[in-house]
1. Counting only Cα, what are the radius of gyration and maximum Cα-Cα distance Dmax of the stretch B:129-197, in Å?
2. Of the peptides B:91-99, B:245-253, B:140-148, how do they stack up when ordered by the mean number of other Cβ atoms within 10 Å, highest first?
3. Of the cross-linked pairs A:42/B:25; A:42/B:183; B:98/B:120; B:14/B:153; B:25/B:98; B:14/B:123, which ones have a Cα-Cα span greater than 24 Å in the structure shown?
4. Expected output is a single nm value to one decimal: the length gained when fully extending between residue B:194 and residue B:253, i.e. 0.36 nm times separation in residues minus the C-alpha distance. What is it?
5. Could you work out the mean count of beta carbons from other protein chains within 10 Å of each residue's beta carbon in B:145-158?
6. Please give the calculated 222 nm ellipticity per residue for chain B, where each DSSP H segment of at least 4 residues contributes -39500 (n - 2.57) and the sum is spread over every residue; nearest 500 deg cm²/dmol?
7. With label points built 7 Å along Cα→Cβ from the Cα atoms of residue B:187 and residue B:225, find their separation and express it in nm.
8. ³J(HN,Hα) across the stretch B:87-101 via Karplus (A = 6.51, B = -1.76, C = 1.60, θ = phi - 60°), whole Hz, x for Gly/Pro?
Amino acid sequence: MSHLHIPDGVLPWWLVLTGWICTAVLLTICIYRVRRMELARKIPLIGIVSALMVICMTLPIIPFAYHVNLSVVAGIILGPALAFISIFIVDLIIAMFGHGGITVVGLNTIVIGAEAVFGYYLFQTFKFLMGSYSVGWSSGIAAVLSLILSTSILVGLLYAAHVNPDLIIHREKEPYVESAIQDTESNVNNGVKIGVFAKTALTLLFFGWILEGVITGLVIKYVSGIRPDLIEHDTT
Amino acid sequence: MDVALIDYYANHGKSFLHSAGGPGKMLFSALVITSIVITDEFYLMLAIYLALVSMAVLTRLSVARILSIAAYPAIFALLFVIAAWEGSLLNSGVIMLKALTAALTMVILIATTPYPDVFKTLKPVLPGIIHDGLYLTYRSLFVLLEMTDELVKGLKVRGGLSKRKYLRNIVNFSSGIGLVLLKGLDITEKYYGVMKVRGYTGKIASDKNGRRFSTDDIAVVAFGILIFSVSLGIKLSGNIGQSGLYALVIAAIILITSIAYIAKVGH
């Protein structure tokens with residue numbers, strides 16, 4: 001659950017815009033990289049993996065409202081480029097269902113896309129180091145490390161956002177940069193107390209990472225046992 | 001997530017919102033989302049939310065269901081509010097309302113617009129692979145939801161999901177996800193075969209006979225422009241508190257009128 005469940009209009013416009021621009025650039029690169037693939041066969045695969053992610057992302061696990069992403073599963077099965085495209089689709093659909101702001105789709109794609117891309121490369125590395133008999137462990141550890149990384153990106157984004165309702169709502173006449181500098185100096189960090197937020201997020205999400213790692217490991221182990229071609233494929 | 005219910009609403013509703021086309025409603029949603037982004041005042045946010053509840057009433061669908069579906073992001077907004085707590089209830093209320101209002105906007109859009117219309121409207125701005133991926137993802141959702149439902153029932157019946165046996169539950173559930181994924185892939189591959197036979201080469205054709213802009217479209221877009229104009233006007237005027245209260249009173253009157261209208265004409 002490392003994506004941004006932040007409502008529209010809370011993050012500063014420059015961050016939202018940067019998110020969209022970076023996502024557009026990354027999507028262009030991904031589409032360029034998959035241009036030689038047989039897309040007619042890959043698009044239905046994207047559809048089914050994305051649909052599974054949408055279902056998992058919208059099923060909160062009681063009591064702490066965590067949900068699994070399966071982004072690393074997507075990365076391993078689809079490969080980094082197709083997985084990034086798939087994640088953009090997932091983010092767009094869940095935003096349409098009101099699950100996170102529509103304006104933060106760009107940033108969400110970067111955060112979860114990083115999970116999928118790093119998950120894929122970490123999985124390949126661990127599989128190389130541990131041997132192909134340990135796909136379960138390789139994918140599980142890759143999932144946990146990718147989630148730690150994506151959560152770090154998330155915390156970094158919020159730090160960069162300088163989100164403070166009080167500043168955004170009531171100090172709009174002050175020059176933004178000036179007020180940001182003042183608050184950074186006073187160690188308030190202009191909003192969401194980054195230390196408090198990071199501690200809360202890391203504590204709450206720790207169990208989630210382990211859970212997602214276990215589920216990812218078991219899913220990939222199951223899939224590789226029946227359809228090893230899905231794991232051993234040539235990916236872009 | 002009630003995907004099946006939302007899809008049913010979108011295809012079987014009979015309100016003016018259902019009659020309006022995808023582009024008009026997308027424009028309406030864009031205007032409302034922009035209003036949410038530029039609005040920082042509690043009463044005005046509440047006014048926009050009430051205006052959207054009026055829209056939900058006018059859809060002639062179950063307002064309680066629509067509001068409950070759109071309330072899901074409130075859980076996460078609450079976490080954000082706690083993390084960003086500065087001692088002001090009004091500021092926290094603005095964040096909560098932003099989440100609820102944006103979600104309600106999107107839910108009204110998809111509960112009154114069949115998904116092919118939504119994706120067709122997005123087609124000019126999206127690359128082909130993403131557009132087609134959206135179609136197939138949405139279509140696969142229904143297949144997977146049914147399979148997931150059957151899986152959970154099957155696991156429960158066979159004791160695969162038992163109380164206090166968390167580890168075993170996780171193992172069984174994960175294998176279940178793997179099974180659903182593989183079954184889904186089989187179905188997708190068959191589906192791909194059918195598409196190939198019917199001439200699919202990597203691009204899904206869409207209906208090119210676009211419909212004309214109707215009075216329903218005009219009404220929806222006009223409502224969006226009204227919300228946006230009020231938000232922008234109040235933002236630029238600087239007289240935020242007083243104007244926000246006026247907007248709230250007007251929105252409340254619109255809501256009461258909508259409820260009375262629907263009560264009179266019936267569902």
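Just so you know, all these numbers are worked out from the coordinates, no wet-lab data involved. Being a predicted model, the structure only gives us computed values, none of them experimental. Note that each Cβ is placed from the backbone with ideal geometry, even for glycine, and that neighbours are counted across all protein chains shown.
1. Here Rg and the maximum Cα pair distance are 15.0, 50 Å.
2. Result, highest mean Cβ count within 10 Å first: B:91-99, B:140-148, B:245-253.
3. Details: A:42/B:25 31 Å; A:42/B:183 16 Å; B:98/B:120 28 Å; B:14/B:153 34 Å; B:25/B:98 19 Å; B:14/B:123 26 Å.
The answer is A:42/B:25; B:98/B:120; B:14/B:153; B:14/B:123.
4. Once the chain is fully extended between residue B:194 and residue B:253, it gains 15.9 nm.
5. Neighbouring Cβ atoms belonging to other protein chains average 1 per residue here.
6. Here the helix-only value at 222 nm equals -26500 deg cm²/dmol.
7. Calculated label separation equals 4.4 nm.
8. Per residue, the Karplus-derived 3J(HN,Hα) values read x, 10, 5, 5, 5, 5, x, 4, 5, 4, 5, 4, 5, 5, 5 Hz.
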